[in-house]
Ligand code: PLP
């Protein structure tokens, strides 16, 4: 028998797997499943980005890239971040194969065995796994009683963090709630981080998918520049999930340590993909605006259609998810909704928030209407 490493056996298998396996089985049987479980835009990558990657391949950018990223892209990212009011230089950036790798390297660099990591529920599924893989102990703050908002939960956060806290993860706009945290909320985080000398990861991967709320980047707040790791990526805003391109920006010491994890694991993000990333950052604003407008229309449609059936939800201000209240056993609800209504969603308990199902509305209006009709007809919205 294998004697597996505890840091890996300690990680829970993904609670989303049961639903996605079942969805695949049904589809293989020829069932038409409305799949609202996936966390990816349904749009093709904008053409100018595809062209830039082709050009880069033709130009021979097919070899290893410098581990922390090609200078052209690091410069373009630094310029983008400076435009957001973040004072990172090019050499304070590591370009990674996806924001996920950026987060993984940050956890590996900062979290030691037994260190406290504070997460806010609902939280994206991989934060917990990454903290566990690094040996961290997780403490949680529950935003659910506060309508998934952070500002009214600041007292709860204050009660959890202490001088023992190593790392705090903030994700706004949030996966899975779609909440965008207010400036006052972020200032509250800043005050606690400074008081207790805590490093904060600001996962801003949904920054651009925002329907009008102010996006506050934590690293722009006084006192945060030396303690913030800003994580962002190309998957969501530019519909580039399969390209695997993201980055972290951080103080020099963090770059030195996280850079070792990158160079000894993945070496670098793909060379020609990084060149296409420059095109994404510099020439794709209109296409992004169009996709965000489409997400907003879909959000409105879904919220209205659910309200027609008497279901009130916390209206998301960003990302492309919303949390639909279910009965207490959200796992059973999601399994039955899939089996009986052929609509795939993800149980809230996967995100630390039982009693909800996460719906991704990165799907056409026709499919969203179909999903609501099916759920209503099968009695899931009663
Ligand atoms: N952070 C959050 C909150 C996400 O939802 C995701 C993807 O689902 C990621 C990070 C990672 O994205 P990627 O690795 O595709 O850049």
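Every number in this text was worked out from the coordinates using simple rules, so none of it is lab data. As the structure is a computational prediction, the values presented were derived from the model and not from experiment. Every residue, glycine among them, receives a Cβ derived from its backbone with ideal geometry; neighbour counts consider all protein chains shown.
Overall shape of the chain was characterised from the C-alpha gyration tensor. The equivalent ellipsoid obtained from it has semi-axes of 32, 26, 21 Å, in decreasing order. Considering the zone a paramagnetic label at residue 260 would reach in this model (a point 7 Å from Cα along the Cα-to-Cβ line), which residues of region 82-122 have amide N under 19 Å from it? Only 92-95, 102-115 fall inside the zone, counting backbone N under 19 Å.
Computed over Cα pairs, the Kirkwood radius of region 62-283 leads via Stokes-Einstein (0.890 mPa s, 25 °C) to a diffusion coefficient of 142 µm² per second. Stretching residue 80 away from residue 54 to a fully extended chain increases their span by 7.0 nm, per 0.36 nm per residue minus the current alpha-carbon distance. In this calculation the C-beta distance from residue 213 to residue 64 is compared with R0 = 41 Å, giving a FRET efficiency of 0.50. Among beta bridges from DSSP that stay inside region 62-283, the antiparallel ones total about 30%. Projected label points at residue 2 and residue 194, each 7 Å from Cα along the beta carbon direction, are separated by 4.8 nanometres. Take the Cα of residue 336, step 7 Å toward its Cβ, do the same at residue 151, and the gap between the two points is 3.8 nm.
Among 96-103, 372-379, sorting by the average number of other beta carbon atoms lying within 10 angstrom of each residue, highest first, gives 96-103, 372-379. In the chain, helices alone account for a calculated mean residue ellipticity at 222 nm of -12500 deg cm²/dmol, with every DSSP H run of four or more residues adding -39,500 (n - 2.57). A Förster radius of 25 Å, combined with the Cβ-Cβ distance separating residue 20 from residue 315, puts the computed FRET efficiency at roughly 0.40. Normalised by the number of residues in region 281-382, what is the relative contact order in percent for Cα pairs under 8 Å and 6+ residues apart? Contact order relative to length: 29 percent.
Of the peptides 110-120, 25-35, the ranking by mean beta-carbon count within 10 Å, highest at the top, reads 110-120, 25-35. Residue ranges 155-161, 175-181 sort as 175-181, 155-161 when ordered by packing (mean number of other C-beta atoms within 10 Å per residue, highest first). For the modelled label position 7 Å from the Cα of residue 27 along Cα-to-Cβ, which residues of region 330-349 have backbone nitrogen atoms closer than 12 Å? Under 12 Å, as judged by backbone N against the label point of residue 27, lie 344 of region 330-349. Take every DSSP beta bridge whose two residues both sit in the chain; close to 45 percent of them are antiparallel.
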